[in-house]
Amino acid sequence: IDKEAQDLFDKMKSALGDKVFKVTGSNSLGVHPVCLTAEGEVSLEMEKVLSRQVGATSEIKANRVLEVNLSHPIYQKLKTKSL
């Protein structure tokens with residue numbers, strides 16, 4: 001990922017705050033503009049299961065990663081708007 005893309009992803013991360021762990025680019029999303037995944041030991045599905053346990057008091061959270069499709073027109077539009 002080039003510096004221009006990284007600057008855009010840093011701005012997106014800043015705007016999203018704690019809602020995502022990081023924003024990154026991807027070339028494997030097909031026709032989808034974005035995808036929300038998890039990084040680390042806890043998946044998004046595991047987070048849901050653990051939060052629904054009876055007596056669950058601790059908030060175990062997945063590290064959410066927003067993947068942006070580098071070949072999608074939305075990404076191209078975001079690049080032009082961030083300059």
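The values are calculated or read from the model by the stated rules, or taken from the named source; none is laboratory data. Given the structure is predicted, the values throughout are model-derived calculations rather than measurements. So basically every Cβ, Gly included, is an ideal-geometry build from the backbone, and we count neighbours across all protein chains shown. In case anyone asks, the SASA skips ligands and DNA or RNA and just uses the protein heavy atoms, side chains included. Shrake-Rupley method; radii C 1.70, N 1.55, O 1.52, S 1.80 Å.
Things worth noting here:
- Remark: the chain carries 72 Å² of accessible area per residue (probe radius 1.4 Å; ligands, DNA and RNA excluded).
- Take the chain and mark each of the GluC sites (Glu not before Pro) that is in a DSSP loop with at most 10 other Cβ atoms within 10 Å; the longest unmarked stretch, sites excluded, is 1-40.
- Adding -39500 (n - 2.57) for every DSSP H run of four residues or longer, then dividing by how many residues the chain holds, sets the calculated 222 nm ellipticity at -11500 deg cm²/dmol.
- FRET efficiency, 1/(1 + (r/R0)^6) with R0 30 Å, evaluated for residue 19 and residue 46 via beta carbons: 0.95
- Solvent-accessible area of residue 1 with every protein chain in place, 1.4 Å probe, in Å² to the nearest 10: 120
- Amide H within-cut-off set for residue 63, under 5 Å, with H built and near neighbours excluded: 39, 42
- Heavy-atom accessible surface of the chain: percent carbon and sulfur, 1.4 Å: 55
- DSSP assigns beta bridges within the stretch 16-83; of those with both partners inside it, close to 55 percent run antiparallel.
- Loop-located trypsin sites (Lys or Arg not before Pro) in the stretch 1-80 (DSSP state not H, G, I, E or B) with no more than 10 neighbouring Cβ atoms inside 10 Å: 52.
- Inter-probe distance in nm under a simple model that places probes 7 Å from Cα toward Cβ, at residue 27 and residue 74: 2.1
- Taking label positions 7 Å along the Cα-Cβ direction at both residue 36 and residue 63, the computed distance is 1.8 nm, reported to one decimal.
- Length-normalised contact order for the chain - Cα pairs under 8 Å, 6+ apart - percent: 37
- Percent of Cα-Cα distances greater than 16 Å, calculated over the chain: 57
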